[in-house]
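Report on one structure; see the data block that follows.
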Amino acid sequence: MGKPQSVGTFRFWFADQRWEWSDEVALLHGYQPGTVVPTTELLLEHKHPEDRAQVADTLARSIENAQPFSSRHRIIDTEGQVHHVIVVADQMSDETDTVIGTSGYYIDVTDALDERQQETLDDALPELYAARAVIEQAKGALMLVYGINAEQAFRVLSWRSQETNSKLRALATRLITDLATLTDSMAELRTRFDHLLLTAHERIEAD
């Protein structure tokens, strides 16, 4: 069995409740890519029993309100291993700008960064220590919204920095600036924060 990757992508269409998993998400659930057709039933079967109802409710609200499917929960793969994941998503629209589904990322935050990964990030992101204050603020926001610890929050920020080829300091600064626009309830806050996280890099050069 291939080793699951820390980040994978998904798409979900509301009308026919059709899922599409990247190879990484299939591996996260314990399946070799191309060997399984993801369905809502299969997805819920892999949720930790204590998290299944919460995920089912979140998904139902996503379909009913045409909102992104975002969640923090645990997955149990085919070998019985438990993975702590964050699902970060945004709206998926057709050519007429009608919302037809949700797409985003599964982020496996189970394992802490090992020393080699940390050294690589430090080398790739030299502004880390000089910009610690704003980065710590952004980490704090992630910790509040997703209910994760500081190391997991840094991992999410680092992923977005590398994924979008954006400087970590600029990404963190943009997120903190954008937080002032969030005035909704906690459920709506999660959805809107997901959008800010996934699009922050697009607004960096405009500043």
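Some observations on this one:
- Taken as a whole, the structure leaves Arg160 outside the set of residues that are farther than 26 Å from Arg11 by Cα, surrounded by 18 or more Cβ atoms within 10 Å (Cβ to Cβ), at pLDDT 80 or above and not hydrophobic (A, V, I, L, M, F, W, C).
- Residue, surrounded by the fewest Cβ atoms within 10 Å (Cβ to Cβ), within the stretch 75-91, restricted to residues that are touching a residue at least 24 places away in the same chain (Cβ under 8 Å) and out of contact with any strand residue (DSSP E or B) (no Cβ under 7 Å at 6 or more places or on another chain): Glu79
- Filtering the stretch 16-62 to residues that are under 16 Å from Gln81 (Cα atoms) and touching a Ser or Thr at 6+ places or on another chain (Cβ under 6 Å) leaves only Gly30.
The values are calculated or read from the model by the stated rules, or taken from the named source; none is laboratory data. Every value quoted in this text rests on a predicted model; they were computed, and no experiment measured them. Cβ coordinates were reconstructed from backbone atoms using ideal geometry, including for glycine residues, and neighbour counts include every protein chain displayed.
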